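In what follows, a structure is listed as structure tokens, so that the remarks can point back to it.
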Amino acid sequence: MNAKPVNLTEALQSFTEVYSPRIVARMNDYDVRVAHARGEHVWHTHADTDEFFLVLDGRFDIALRDADGHEHTVVLYQGDTYVVPRGTEHKPSSPGGSILMFEPTGTLTTGDHHEGRIPAHVDSTTGHELS
Ligand code: NI
């Protein structure tokens, strides 16, 4: 068990890859992860879990598709939080920023389903350890 405090600023400074979350804490069956964001993510869906976002820095947009296929985008800035409901297609994008996510351990960044090819700058992962 790692009982040392984790500083989010230092955690974010310890890596540079975008859309490649680091796990900063574990709580019950959940991970707290931080990531840098820049560019377009990929449309994807988490069938079994909601996904919590907190913008730590910059701007972070989440495009959402409702069951009818209509799309809208929520625009988030530092300090904003948002929960993508389970089963909702979504595609994050950002001109630059960093985020904190809270979701069940093992949740894949690209979901259970994704649309098209995963861009090279998007890491399909359940999160990496802080180094
Ligand atoms: Ni997601």
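If you plug each phi of the stretch 20-32 into the Karplus form 6.51 cos²θ - 1.76 cosθ + 1.60 with θ = phi - 60°, what whole-Hz ³J(HN,Hα) values come out, in order, with x for Gly and Pro?
Rounded to whole hertz, the list is 9, x, 10, 8, 9, 7, 10, 8, 6, 9, 10, 10, 9.
Using 0.36 nm per residue of separation minus the Cα-Cα distance, give me the extension gain between V6 and E71 in nm, one decimal.
19.7 nm
In debye to the nearest 20, how big a dipole does the stretch 1-48 give about its Cα centre with +1 on each Lys and Arg Cβ and -1 on each Asp and Glu Cβ?
Approximately 180 debye in magnitude.
Within a Cβ distance under 10 Å of H72, other residues only, what is the Lys/Arg minus Asp/Glu net charge?
So the environment of H72 carries a net charge of -1.
Could you pull out every residue, at least 5 positions away or on a different chain, whose amide H is within less than 5 Å of the one on Y30? Hs are placed 1.01 Å off N in the peptide plane, and Pro or chain starts have none.
T105
Taking trypsin sites (Lys or Arg not before Pro) as exposed when DSSP calls them loop (any state but H, G, I, E, B) and at most 16 other Cβ atoms lie within 10 Å, what is the longest stretch of the chain free of them, the sites themselves excluded?
1-85
Of all DSSP beta bridges located in the chain, what percent are antiparallel, nearest 5?
Counting DSSP beta bridges with both partners in the chain, the antiparallel share is about 95 percent.
Placing unit charges on C-beta atoms (Lys and Arg positive, Asp and Glu negative, everything else neutral), compute the dipole magnitude of the stretch 1-107 about its Cα centre in debye, rounded to 20.
The calculated dipole for the stretch 1-107 is roughly 400 debye.
Show the residues, 5+ positions off or on another chain, whose built amide H is closer than 5 Å to the amide H of Y19.
Distant-sequence amide H within range of Y19: H36, A37, R38.
Got a sec to turn the phi values of the stretch 123-131 into Karplus ³J(HN,Hα) couplings, 6.51 cos²θ - 1.76 cosθ + 1.60 with θ = phi - 60°, whole Hz, x for Gly and Pro?
The phi angles translate into 8, 8, 8, 9, x, 10, 5, 5, 9 Hz.
As an exercise, identify the GluC sites (Glu not before Pro) in the stretch 42-131 lying in DSSP coil whose Cβ has no more than 14 other Cβ atoms within 10 Å.
E115
If Lys and Arg each add +1 and Asp and Glu each add -1, what is the summed charge of the other residues whose beta carbon sits under 10 Å from the beta carbon of K91?
Charge balance in the 10 Å sphere: -4.
The numbers here are math on the coordinates, done by the rules we state, and not lab data. The structure displayed is predicted, hence computed values, not measured ones. Cβ atoms come from the backbone with ideal geometry, glycine included; neighbour counts cover every protein chain shown.
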